[in-house]
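**Student:** Could you have a look at this structure, given as structure tokens, before my questions?
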Amino acid sequence: MISEYLEKFDIETIPNVAGTGVIGIINSEIQKPVIGLRADMDALPIQDQKTVEYKSKISNVMHACGHDAHVTMLLGTAYILSKYKDKIKAKIKLIFQPAEEGPGGAKPLIKTGHVDDLDIIFAQHVEPFLDVGTIGIQNDKAMAAIDKFNLKFSGKGGHGAYPHQTVDPIVVASQTIMAFQAVISRMINPMEQGVLTIGTINGGSKRNVIAEEVNLGGTIRTFSPDIRKEIHQNVIKIVENISSAYGTKHQLDYEFGYDPLINDKDALNVLRESFANMNRIQHLEVLDPVMSSEDFGYYLSKFKGCLWWIGAKPKTPYPLHSPHFDINEDVLSVGVEALVKTTINCANIIKP
């Protein structure tokens, strides 16, 4: 559908990028500057519980994070920019990216090489608790990196009455969970931010039986690349030492996920100048960083750019990923203006 619209607007189109992604190119003959605009396009495995005519028609599939609005706003932007492309002295890449909700479509899309020439990239995300006409920005740190791990302790099971004949992995898991609390509170600089959460623990089958194994699942959120590595090393040391002390075997599967989303100050300055001249923007609000994650961070690890939050508050707001999530559709025209004017302003500022 996206490809059909872009082709209708006479925009050069690259389909099937990193799976289901699409890239549209305006002014492909211009070498520099190159401005990227990104919209994520995936839904979530959630049952839509709204009572509106545009409620999802597919069971357990819902746009509960507003990505359908992101696509709509970028398509509207594509249409307008295509009409005025002769007046814009820049190449514009319209990036419709899959899989932001997982496993992360930004990384494989970047690896295709289709965006290697970007000088700067922008993205926006609807925010159901900001009024329409309000833009939220985060200076510098915006969203955290997300890493995750699965940890298995294997011991020797037996009767609960004879623990000396066993190696109890539940005790080892319990000691490890408590030791993990010191990773944030005692092992990293208190001026840095970090979160370590154990979300799952599974082991045992009966009250009087000591289990053979216990499985833990956890997530780690950070902003600093150095702190991210430090936490990883501390987790490894804690697991190895406690497991060794109690005589269990262990398996730690640790996965580095999305990069932190750190907004570039030059890109933010472009935004501030652009928003000052927008008819539909009444208020610019500075927001605190959040520990949730967004795979737009992968772009910002490679290119200058930033992400802003665009107010989409409906009559009754619900949070992102709620089965009742909805937007005020007035945000759509606001989002188009934000993207169009930021692109034009950026093209005038960045020199070839």
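The values are calculated or read from the model by the stated rules, or taken from the named source; none is laboratory data. What you see is a predicted model; the values in this text were computed from it and never measured. Quick reminder, even Gly has a Cβ in these numbers, built from the backbone with ideal geometry, and neighbours come from all protein chains shown. Note: accessible area is taken over every heavy atom of the protein model, side chains too, but ligands, DNA and RNA are not part of it. Shrake-Rupley method; radii C 1.70, N 1.55, O 1.52, S 1.80 Å.
**Student:** When only alpha-carbon atoms are used, what values of Rg and Dmax, in angstrom, describe the stretch 28-172?
**Tutor:** Spelled out, the Cα radius of gyration and Dmax of the stretch 28-172 are 23.6, 82 Å.
**Student:** By its C-alpha gyration tensor, with a ≥ b ≥ c as the square roots of the eigenvalues, how is the stretch 278-352 shaped: rounded for a/c under 1.5, else prolate for a/b larger than b/c, else oblate? Provide the component values of the computation, followed by the final result.
**Tutor:** Values: a/c = 2.39, a/b = 1.33, b/c = 1.80.
Note, shape of the stretch 278-352 comes out oblate.
**Student:** Give Lys32/Lys107; Lys57/Lys93; Lys152/Lys304; Lys107/Lys229 a once-over and call out the pairs whose C-alpha atoms are over 29 Å from each other.
**Tutor:** Numbers: Lys32/Lys107 23 Å; Lys57/Lys93 31 Å; Lys152/Lys304 40 Å; Lys107/Lys229 20 Å.
The pairs that break the limit, which is 29 Å between Cα atoms, are Lys57/Lys93; Lys152/Lys304.
**Student:** Further question: For the chain, what does the relative contact order come out to in percent, with C-alpha contacts under 8 Å and a separation of six or more? All intermediate terms of the calculation are to be shown ahead of the outcome.
**Tutor:** Details: 775 pairs, mean separation 90.9, N = 352.
Computed over the chain, the figure is 26 percent.
**Student:** Once you compute Rg and the Kirkwood Rh from C-alpha atoms, what is the Rg to Rh ratio for the chain?
**Tutor:** Numbers: Rg = 23.8 Å, Rh = 22.4 Å.
The Rg/Rh ratio comes out at 1.07.
**Student:** What is the percent carbon and sulfur in the accessible area of the stretch 1-106, measuring with a 1.4 Å probe over the protein chains and ignoring ligands? All intermediate terms of the calculation are to be shown ahead of the outcome.
**Tutor:** Details: 2580 of 4980 Å².
For the stretch 1-106, the apolar C and S fraction of the accessible surface comes to 52 percent.
**Student:** Can you tell me the relative contact order of the stretch 273-341? Whole percent, Cα pairs under 8 Å, sequence separation 6 or more.
**Tutor:** Values: 36 pairs, mean separation 25.8, N = 69.
With pairs under 8 Å counted, the relative contact order is 37 percent.
**Student:** Find the accessible area per residue for the stretch 1-62; the probe is 1.4 Å, ligands and nucleic acids are left out, and the unit is Å². List each step's numbers first, then the result.
**Tutor:** Values: 3450 Å² over 62 residues.
Per-residue value: 56 Å².
**Student:** At a Cα cut-off below 26 Å, give the lysines reachable from Lys50, other chains included and same-chain residues fewer than 8 away excluded.
**Tutor:** Hits, sequence-local ones excluded: Lys313, Lys315.
**Student:** State which stretch of the chain is the longest one without any exposed trypsin sites (Lys or Arg not before Pro), exposure meaning a DSSP loop state and at most 10 other Cβ atoms within 10 Å. Could the numbers behind the result be given before it?
**Tutor:** Numbers: sites that count: Lys57, Arg186, Lys206, Arg207, Lys315.
The answer is 58-185.
**Student:** Further question: Taking the C-alpha atoms of the stretch 229-302, how large are the radius of gyration and the largest Cα-Cα span, Dmax, in Å?
**Tutor:** Here Rg and the maximum Cα pair distance are 21.0, 67 Å.
**Student:** If you don't mind, another one. Please report the spacing between the Cα centers of the stretch 48-113 and the stretch 166-211 in Å, no decimals.
**Tutor:** Rounded to whole Å, the Cα centres lie 39 Å apart.
**Student:** How fast does the stretch 180-240 diffuse by Stokes-Einstein, in µm²/s, taking the Kirkwood radius from C-alpha pairs at 4 °C and 1.567 mPa s?
**Tutor:** On the way: Rh = 13.2 Å.
Diffusion coefficient, whole number: 98 µm²/s.
**Student:** Helix hunt in the chain: which complete DSSP H runs extend at least 18 Å axially by C-alpha with mean Kyte-Doolittle at least -0.5? Please list the in-between numbers first.
**Tutor:** Numbers: long enough: 67-83 (24 Å, 0.46); 169-185 (25 Å, 1.49); 225-246 (32 Å, -0.38); 331-349 (26 Å, 1.18).
Answer set is 67-83, 169-185, 225-246, 331-349.
**Student:** What aspartates and glutamates sit close enough to Lys249 to cross-link, taking a C-alpha to C-alpha distance under 18 Å and skipping anything fewer than 8 places away on the same chain?
**Tutor:** List returned: Asp168, Glu212, Glu213, Glu240.
**Student:** When Lys and Arg each count +1 and Asp and Glu each count -1, what net charge do the other residues less than 12 Å away from Thr316, Cβ to Cβ, add up to? Can you show the working numbers first?
**Tutor:** Values: positive: Lys50, Lys313, Lys315; negative: Asp326.
Summing Lys and Arg as +1 and Asp and Glu as -1 gives +2.
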